[in-house]
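Since the structure comes first, as structure tokens, the remarks are kept for the end.
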Amino acid sequence: YIRELNKKRENIENRIMELEEKLKELELLMCKEEIYSNPEKSKEIHQEVASTNDEIEELYDKWSEL
């Protein structure tokens, strides 16, 4: 049982790291002129940032429950 919990915790931690890396990439994209000068693209990136942040928050909640 403990081994299973540790595996779940490890999987969540790995996913959080992946998503945090994705956020860094999205933030870099938002700094590019072709993104911030294009309202449609900018909105798309901002929505992706928001959904990624939501997923990270959910994973932190799951992690803290383990």
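Readers should treat all values here as calculations from the given coordinates under stated rules, not as data from a laboratory. Quick caveat: nothing in here was measured; it's all calculated off a predicted structure. Glycine also receives a Cβ, built like all others from the backbone with ideal geometry; neighbour counts cover every protein chain displayed.
Filtered by the rule that a residue be surrounded by 10 or more Cβ atoms within 10 Å (Cβ to Cβ) and assigned to a loop (DSSP other than H, G, I, E, B), the range 28-65 gives 32, 38.
For the range 14-27, a tally of residues being among the charged types (D, E, K, R) and either touching a residue at least 24 places away in the same chain (Cβ under 8 Å) or assigned to a loop (DSSP other than H, G, I, E, B) (or both) returns 3.
If the condition is being under 21 Å from residue 53 (Cβ atoms) and of a type in the set (Gly, Ala, Ser), then the range 26-42 contributes only 42.
Checking each residue in the range 17-54 for being touching a Lys or Arg at 6+ places or on another chain (Cβ under 8 Å) and under 30 Å from residue 6 (Cα atoms) picks out only 52.
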